[in-house]
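The values are calculated or read from the model by the stated rules, or taken from the named source; none is laboratory data. What you see is a predicted model, and the numbers here were worked out from it, not measured in a lab. Heads up, the Cβs are rebuilt from the backbone with ideal geometry, glycines too, and the neighbour counts pull from every protein chain shown. The area values use the complete protein model at the heavy-atom level, side chains included, leaving out ligands, DNA and RNA. Shrake-Rupley method; radii C 1.70, N 1.55, O 1.52, S 1.80 Å.
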Amino acid sequence: MKKFILVSLVAATSLFAASNEQIIEFYKAIAQPGLTFKVTERQKLAENPEYEMVVINISNGKLSEDEIMFTKGDLLIPDIIDLKNKKAYKAEMKEKITAKNIAAQFNKEEKKNIIVLGNDAKKPTYVMFSDPECPYCRGELDKIETTLKEANIHIILTPVHDKSALQKSFLVYKDAAKAKTDSEKIKILRKYFAEDYKVADNAVSDDEVKKMDELRTKYLAAGVRSVPYIINLQDLKK
């Protein structure tokens, strides 16, 4: 499983004052060249209001990710473990922010980029971000019929692998657009997800690869760092 990790900055340090400007200057001082920083959100913790969550967006111009830190007085803290409530605040906040960022893209996504499997209003619906060359994604596809007995699945292809994965993604979408049933869509997915499938020369143009790259890049920027990434559709509607 590949992950796109732009930078991981974990620090606990004393600052004169945890203003946005000073937090940004601190990050600039310890980060690799070519990165930009912006404080995008600050929020006091409801159960521990003496602490404040700070979200710092880190970008290299193409990809970006949100780093979550916490402040109290002049301290910048990488995480808070609440023993009473038995939770780590960073993981909880990261999940909420990622869902919000994905929702901003998903809720305006073109229908042609969403492969819909299942249409049962009584079942929950999950959005799955996938990659034709990811072995874990193949594992999800292997059991898709069983999954569909309990839930509807909406698939968006966001490869973390290279050009051939983008080519296969384009071919999946191209053929799936003509499919009328779930079984036909699954057959198409399995064809291009097969480990031994090779894309024929000139089957996919550079412009078509670029479109797939643009699709994946916006979800990588939203927080889809690895695949398969699965999220409840309801979490994207809040």
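To the nearest 20 Debye, how big is the dipole of the chain about its Cα centre, given +1 on the beta carbon of each Lys and Arg and -1 on that of each Asp and Glu?
Details: 40 positive and 36 negative charges, 131 e Å.
That gives the chain a dipole magnitude of about 640 debye.
Recomputing volume of the Cα convex hull per residue in Å³ from the coordinates shown identifies the correct label among (i) 123; (ii) 113; (iii) 149 as (iii). The eigenvalues of the Cα gyration tensor, multiplied by 5 and square-rooted, give the range 76-179 an equivalent ellipsoid with semi-axes of 31, 18, 15 Å from largest to smallest.
Residues E214, E150 ordered from highest to lowest accessible area at a 1.4 Å probe: E150, E214.
Hey, what's the range 8-128 come to in accessible area per residue, 1.4 Å probe, Å²?
Working: 7000 Å² over 121 residues.
Per-residue value: 58 Å².
Keeping all protein chains in place and using 1.4 angstrom, which order do K149, K100, K168 fall into by accessible surface area, from largest down?
Details: K149 145, K100 115, K168 10 Å².
Highest to lowest solvent-accessible surface, that is K149, K100, K168.
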